[in-house]
Amino acid sequence: MLHLPILRAGKPYRSINTNVLRDVRNGEPVAEVSQANRGLISRDLRGMAQRRAELREMPVDEIIERCGVAARLFTEEALPV
């Protein structure tokens, strides 16, 4: 069965809390989706302060270049789920 993880700091994470998606025609499981609870989100937000400081130090032209690469990947490439 396909598993759709949540992303934590850009990395896939399989949560303890999951929800099974079922086919509406026959009720068979199709995918399992990780769920982020309040505690997990709170913990991740606390850890973002360091990453924000790193982003502030990055030159604007590098940020724009990275956004351009990301845009091209999302529009032209086959990306994993």
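The values are calculated or read from the model by the stated rules, or taken from the named source; none is laboratory data. The model shown is predicted, which means the values in this text are computed figures rather than measured ones. Cβ atoms come from the backbone with ideal geometry, glycine included; neighbour counts cover every protein chain shown.
Condition check ((1) touching a Gly at 6+ places or on another chain (Cβ under 9 Å); (2) closer than 26 Å to MET1 by Cα; (3) modelled with pLDDT of 95 or more) across all residues:
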| position | (1), (2), (3) |
| --- | --- |
| ILE16 | no, yes, no |
| GLU32 | no, yes, yes |
| GLY39 | no, no, no |
| ASP44 | no, no, no |
| GLY47 | no, no, no |
| ARG51 | no, no, no |
| ARG56 | no, no, no |
| ILE63 | no, no, no |
| GLU76 | no, no, no |
Q: List every residue pair whose Cβ atoms sit under 8 Å apart, with the two residues 6 or more apart in sequence or on different chains, where the first one lies in segment 51-64 and is touching a residue at least 12 places away in the same chain (Cβ under 8 Å) and the second, anywhere, is loosely packed, with under 10 Cβ neighbours inside 10 Å.
A: ARG51/ALA9
Q) In the list ARG43, ARG38, ARG56, ARG52, which residue meets the criterion of being more than 20 Å from the chain's Cα centre (by Cα) and over 24 Å from LEU79 (Cβ atoms)? A) ARG56
